[in-house]
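Below: the structure, in structure tokens.
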Amino acid sequence: MLVLGIESSCDETGVALVEAAGPGVPRLLAHGLHSQIQMHQAYGGVVPELASRDHIRRVLPLTEQVLAETGRSLAEVDVVAYTRGPGLAGALLVGAGVACALGAATARPVLGVHHLEGHLLSPFLSADPPQFPFVALLVSGGHTQLMRVDGVGRYELLGETIDDAAGEAFDKSAKLLGLGYPGGPALSRLAQQGDAAAFKLPRPLLHSGDLDFSFAGLKTAVLTQAKKLGGELEARKADLAASTEAAIAEVLVKKSLAALKATGLKRMVVAGGVGANRLLREQLNAACARLGVRVHYPELHLCTDNGAMIAMAAAMRLQDGQAVATRTYAFDVKPR
Ligand code: KG4
Ligand code: ZN
């Protein structure tokens, strides 16, 4: 079974081809990605209208590129999968529309995929995929969740953010420090030159006894600190960035450990853009090593949005009988 996957929920156009043969983990044949980051940088964030228009420009050339790379033709594709949501409505409509048009033109069924399920299953694209069950920490620009994962489609939400997502905390703090968009990687880079103990920033809900998160207060604390520093901010920016990153990482690690304890599981998966964060990986790896817990991550370049994770999630669902691709080409999207 050949699955073509299309991702267009935000500011990356991704297309990929995944092959499922037999009961094993499906295999990534090729993927193509076009990032719009440069285009949005001038505006300090994603401009939805520009995003949609750029997806339109990129999605078919990327599809042709992926097919050419694998030597496969569109006629050989068995299922066309696309991100159905969540994401920007206009951007999602481009991927959904193109997927359904390709499906209709080749009389192949289509399948809408949940973007977060794509992230969740993205570690299965690595050479050393995890085994079920595991605890998953999903940390993206829009979501922060801890889940118990017993199999494809068998997800139990253990806790989530009650306000901002971890990625949002990175992005908003970075913006306050004048680091531009996307803020997470920029803040993390600057943090490497700073002292993480320089500023005492809050760790909200750290001792709440549940597995929920709250990051809205952190951004306010960063703003207060930045104002207090005034003219000194420029000289202390790296210290403030390091303190911010340390606060976010500590909360994510402690709550992950609490989730492992609560479930008794000995395996952990981290997925989503913030899963690329260096400090989070270092601290989580160290803590989990002490507990004899294996941690799996997607490959670094597949942490942020891509088509491979969408094709993979569709292939795994189909293989498991957890979804049925249909020839209903009257597509819809679910932005929220
Ligand atoms: O998963 P993703 O690509 O898109 C969403 O589905 O939201 O995640 C994007 C988020 C952004 O907030 C970005 O700043 C953050 O992931 N991010 C990072 C790093 N790389 C990406 N945050 C911290 N450190 C990084 N290295
Ligand atoms: Zn994402």
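The values are calculated or read from the model by the stated rules, or taken from the named source; none is laboratory data. Small disclaimer: the values here were computed from a predicted structure and weren't measured. Note: ideal-geometry Cβ built from the backbone for every residue, glycine included; neighbour counts use all protein chains shown.
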Log entry, pairs with first residue in region 214-243 being over 27 Å from Thr161 (Cβ atoms) and in the same structural domain as Gly183 (by TED's automatic domain parsing), second being assigned to a helix (DSSP H, G or I) and of a type in the set (D, E, K, R), beta carbons closer than 8 Å, six or more apart or on different chains, reads Leu229/Arg236
message: Tell me whether region 168-189 contains one or more residues that are at pLDDT 95 or above and either away from ligand 1 (no atom under 16 Å from the Cβ) or not assigned by TED's automatic domain parsing to the domain that holds Val135 (or both).
response: no
Within region 273-304, restricting to residues that are in contact with a Cys (Cβ under 9 Å, 6 or more places away or on another chain) and outside any loop (DSSP other than H, G, I, E, B), the one that is surrounded by the fewest Cβ atoms within 10 Å (Cβ to Cβ) is Arg294
Pairing a residue in region 168-184 that is of a type in the set (D, E, K, R) with any residue that is more than 8 Å from ligand 1 (Cβ to nearest atom), where Cβ atoms lie under 6 Å and the two sit 6 or more apart in sequence or on different chains, gives Lys172/Lys219
Here the residues within region 222-267 that are charged (D, E, K, R) and either touching a Leu at 6+ places or on another chain (Cβ under 6 Å) or in a helix (DSSP H, G or I) (or both) are Lys227, Lys228, Glu232, Glu234, Arg236, Lys237, Asp239, Glu245, Glu250, Lys254, Lys255, Lys261
Here the qualifying pairs (Cβ atoms under 6 Å; residues six or more apart or on different chains; first in region 120-146 and touching a residue at least 12 places away in the same chain (Cβ under 8 Å) and farther than 20 Å from Gly85 by Cα; second in a helix (DSSP H, G or I) and more than 16 Å from ligand 1 (Cβ to nearest atom)) come out as Val135/Ala259; Val135/Leu260; Val135/Thr263
In region 78-98, is there at least one residue being touching an Asp or Glu at 6+ places or on another chain (Cβ under 7 Å), of a type in the set (Ser, Thr, Tyr) and surrounded by 21 or more Cβ atoms within 10 Å (Cβ to Cβ)? yes
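Does Gly307 count as out of contact with any Gly (no Cβ under 6 Å at 6 or more places or on another chain), buried (at least 24 other Cβ atoms within 10 Å of the Cβ) and not basic (Lys, Arg)? Please lay out each step first, then the result.
Values: out of contact with any Gly (no Cβ under 6 Å at 6 or more places or on another chain): no; buried (at least 24 other Cβ atoms within 10 Å of the Cβ): yes; not basic (Lys, Arg): yes.
Criteria not met by Gly307.
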Counting only residues in region 260-281 that are of a type in the set (A, V, I, L, M, F, W, C) and over 19 Å from His119 (Cα atoms), the one nearest to ligand 1 (Cβ to nearest atom) is identified as Leu279
Across (1) under 17 Å from Val98 (Cα atoms); (2) surrounded by fewer than 24 Cβ atoms within 10 Å (Cβ to Cβ); (3) β-branched (Val, Ile, Thr), Val47 clears everything bar (1)
So the helices (runs of 4 or more DSSP H) completely within region 99-203 holding 3 or more residues that are of a type outside the set (S, T, N, Q) and away from ligand 2 (no atom under 16 Å from the Cβ) are 166-176, 183-191
A careful count of residues in region 5-28 that are within 25 Å of Phe132 (Cα to Cα), crowded, with 20+ Cβ neighbours inside 10 Å and more than 15 Å from ligand 2 (Cβ to nearest atom) gives 5
